[in-house]
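Here is the structure we will look at.
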Amino acid sequence: MERPLTQNISSQRLPLNLKDYIAAGGYRSVHTTLKTLSPQDVSKTVQDSDLKGRGGAGFNTGMKWSFVPMNIPGQVKYLVANADEMEPGTFKDRLLLEGDPHQLIEGMIVSAFAIQANISYIFLRWAYKKAARIIRRAIDEAYEAGYLGKNILGTGFNLEMHLHTGAGRYMCGEETALLNALEGKRATPRAKPPFPQISGLFGKPTIVNNVETLCNIPHIINYGPDWFKSLSKGEDSGTKLYGLSGHVNKPGIWELPMGTSIRELIEEHAGGMKTGYKFKGVLPGGASTDFLVEEHLDVKMDFKSVAAAGSRLGTGTMVVLDDRTCPVGFIHNLEHFFAQESCGWCTPCREGLPWTEKILLSIENGQGSKEDLDLLQMHTEFLGPGNTFCALAPGAMEPLQSGLKYFREDFEKHIELKICPWR
C-alpha cells in the first residue's frame with residue numbers, strides 16, 4: 001500500500017531537512033512543473049486526478065483553480081494554505097506540518113504556478129508553536145536553495161512565502177474569515193459572490209486550500225492522475241489521513257485508501273474499543289458532522305458514502321462516543337465550544353447557539369423539561385443551512401440534530417429522572 005503523504009514521516013526522528021528531502025525525491029515536481037509544464041497543464045492534471053479538498057468541502061481542487069482569471073499581465077494573485085486546524089477532534093494537518101514541512105512548501109510552489117500567484121501565505125493555528133518553528137526553518141531553507149524568491153530555478157517564476165500565525169479563532173477556518181484576518185480585520189465571513197478566486201485577499205484573485213490538499217499536489221504531478229485514482233477503494237481518489245479519538249485502544253492517525261470503512265478504522269487500526277466500553281456512535285468528520293451509529297459501521301469513509309448515510313466526511317477525523325459517556329453532556333460540550341467561537345456576525349448564530357447551549361446544560365443538570373426537546377429541534381432548523389451567514393451554526397447543529405435522532409431516549413431519561421444517569 002502506498003502512503004505518499006506520510007512516507008517521510010517518522011516518530012523516531014526529526015522531520016527531513018532540505019538536503020534529505022531532496023534525496024528522498026523532494027522538489028522533483030517543482031523542476032517538472034516550472035521547466036516543462038504550463039499553468040494550464042498543471043490545473044488540468046490536478047482536475048483529472050479528481051483530488052477533492054481535504055478541508056471538508058470536498059470540491060474538485062483543479063476546478064476550483066480554474067475559476068481564477070488568467071492571462072492578465074501584471075495582476076497580483078495570492079495562494080493561501082489554510083493551516084488553522086481548530087475543528088474539535090481534528091489533528092491531521094498537524095502531522096503533515098510537523099512531520100514533513102517541505103512537502104507542503106513543494107505543493108504550494110506548484111499550486112502557485114498553476115494559478116500564477118507570486119505571493120503565498122501559510123495561515124497557521126496559533127497553538128501549533130512547534131509546527132511554526134519547523135515551517136519557518138523549512139521556508140528559510142527553501143529560500144536559500146532557490147526554491148522560493150525571485151527567478152526560481154532560473155525559470156523566471158517568482159514566489160514569496162510568508163508564515164502567518166492566527167490569534168486563535170475557530171472562525172478563521174472559514175476561508176473568507178481567514179482572508180479578513182490576514183488583512184488585519186475582524187475574522188468575520190464575507191458575502192459570496194464575489195468568491196475569493198475573483199476577489200479575495202486585498203481584493204485580488206486568491207486560492208485558499210487545506211494543508212492536506214496541497215500536500216497531495218507534488219505526488220499527482222510526479223505520478224499522474226491515474227496513479228492517484230488507483231490509490232482509492234471507492235469513487236473518490238487518493239489516500240486520506242484518517243484520525244480517531246475516544247475510548248479506543250489505539251487512538252491516532254493513519255494514511256489509508258480513500259473509502260476505508262468505519263469498522264476497519266475502529267477495529268483494525270484503532271484496536272477496537274477499550275475493555276468495558278461499547279461503541280455507541282461516531283462523529284465521522286470532526287465535531288461539526290452528524291452522528292453515525294452501529295448500523296453505519298460498514299460505511300466507506302468517502303464523500304459520497306458518508307453523505308448517503310446522513311453525515312459528512314468533513315476532515316475525516318472521527319470522534320467515538322461510547323456507552324459510558326453521556327451523549328447529552330457530549331453534545332453540550334460541543335455546543336458550548338461553538339457558542340464561544342461564533343463570530344457574532346449574524347443573529348441566528350450569535351443568539352441561537354448560546355441559547356442551545358443553555359438548554360442542553362439545564363437538561364444535563366436535571367432541570368430540563370419535555371418542551372426543551374422541541375426547542376432544541378426548532379433550533380436545528382432555524383440555525384440550519386440557508387438561515388445563517390456562513391456554515392458555523394449549521395455545522396454546530398449537525399451533532400445536535402443527529403443526537404436527538406439517535407439518542408432521544410437518553411435526553412428523555414435526563415428529564416424524567418431529573419439527573420444525568422451517567423453521574
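Could you list the GluC sites (Glu not before Pro) in segment 334-423 that lie in coil according to DSSP, counting only those with at most 12 other Cβ atoms within 10 Å of their Cβ? Sites meeting the loop and neighbour criteria: none at all.
With respect to the chain, whose longest principal axis is taken over its alpha-carbon atoms, helix 39-49 is tilted by about 40°.
Taking the charge dipole of segment 239-322 about its Cα centre, with +1 at Lys and Arg Cβ atoms and -1 at Asp and Glu Cβ atoms, the residue from Ala307, Gly286, Thr239 reaching farthest to the positive side is Gly286. Extent of the chain along its three principal axes (Cα atoms, max minus min coordinate, largest first): 74, 44, 36 Å. For the pair segment 92-115 / segment 211-239, the C-alpha centres are spaced 14 Å from each other. Think of it as helices only: each DSSP H run of n ≥ 4 in the chain is worth -39500 (n - 2.57), and spread over all residues that comes to -12500 deg cm²/dmol at 222 nm. Relative to the longest principal axis of the chain, what angle (0 to 90°, nearest 10) does the C-alpha long axis of helix 211-223 take? Roughly 40 degrees between the two axes.
What relative contact order, as a whole-number percentage, does segment 239-322 give when Cα pairs under 8 Å and 6 or more residues apart are counted? Intermediate results must be reported in sequence, preceding the final value.
On the way: 185 pairs, mean separation 30.3, N = 84.
Worked out over segment 239-322, it gives 36 percent.
Using alpha-carbon pairs under 8 Å, 6+ residues apart, how would you state the relative contact order of the chain in percent? Write down the numbers at each step before the final one.
Details: 833 pairs, mean separation 64.5, N = 423.
Relative contact order, the chain: 15 percent.
Mean separation of Cα pairs under 8 Å and 6 or more residues apart, divided by the residue count, gives segment 327-417 a relative contact order of 36 percent.
Counting other Cβ atoms within 10 Å of each Cβ, which GluC sites (Glu not before Pro) in segment 69-174 have at most 12 and sit in a DSSP loop? List each step's numbers first, then the result.
Values: sites: Glu85, Glu98, Glu106, Glu141, Glu144, Glu160, Glu174; in loops: Glu85, Glu174.
Listed in order of number, the matching sites amount to none.
Given a Förster radius of 45 Å and the C-beta distance between Leu14 and Glu371 as r, what FRET efficiency does 1/(1 + (r/R0)^6) yield to the nearest 0.05? With R0 = 45 Å, the Cβ-Cβ based efficiency is 0.20. Overall, the chain carries a charge dipole of about 1020 debye about its Cα centre when +1 sits on the Cβ of Lys and Arg and -1 on the Cβ of Asp and Glu, all other atoms neutral.
Taking the Cα centre of segment 238-329 as reference, the dipole from Cβ charges on Lys and Arg (+1) and Asp and Glu (-1) amounts to some 160 debye. Counted by neighbouring Cβ atoms within 10 Å, the residues Arg13, Arg137 run from fewest to most as Arg13, Arg137. Each label point was placed 7 Å from the Cα along the Cα-to-Cβ direction; for Ser362 and Thr36 their separation is 6.7 nm. Taking only the alpha carbons of segment 239-322, we obtain Rg and Dmax values of 11.1, 33 Å in that order. For the pair Lys250 and Gln75, a Förster radius of 35 Å applied to the C-beta separation gives a FRET efficiency near 0.10, rounded to the nearest 0.05. DSSP bridge analysis restricted to the chain gives an antiparallel fraction near 40%, rounded to the nearest 5.
Tell me which GluC sites (Glu not before Pro) from segment 242-277 have a DSSP coil assignment and no more than 12 other beta carbons within 10 Å of their own. Let's see the in-between values first.
Working: sites: Glu255, Glu264, Glu267, Glu268; in loops: none.
Passing sites in segment 242-277 do not exist.
Legend: residue pairs Lys35/Lys130; Lys35/Lys233; Lys19/Lys92, Cα-Cα distance threshold 28 Å; pairs beyond threshold, Lys35/Lys130; Lys35/Lys233.
Could you give the length gained by full extension between Lys274 and Ser230, i.e. 0.36 nm per residue of separation minus their alpha carbon distance, to one decimal place?
Details: separation 44, 0.36 × 44 = 15.84 nm, distance 3.42 nm.
Full-extension gain reported as 12.4 nm.
Note on segment 294-347 and segment 1-73: Cα centroid distance 29 Å, given to the nearest whole angstrom. The alpha carbon gyration tensor of segment 18-230 gives principal lengths a ≥ b ≥ c with a/c below 1.5, which makes the shape rounded.
Projecting the Cα atoms of Gly25, Asn180, Asn387 onto the charge dipole of the chain, computed from C-beta unit charges around the Cα centre, puts Gly25 farthest toward the positive end.
Charging the Cβ of each Asp and Glu at -1 and of each Lys and Arg at +1, and nothing else, the dipole of segment 330-397 about its Cα centre rounds to 120 debye. Calculated on C-alpha atoms, the gyration radius of segment 14-64 divided by its Kirkwood radius gives an Rg/Rh of 1.10.
Since every read-out is calculated from the coordinates, none of them should be taken as a lab result. Model, not experiment: these values are computed from the prediction. Glycine also receives a Cβ, built like all others from the backbone with ideal geometry; neighbour counts cover every protein chain displayed.
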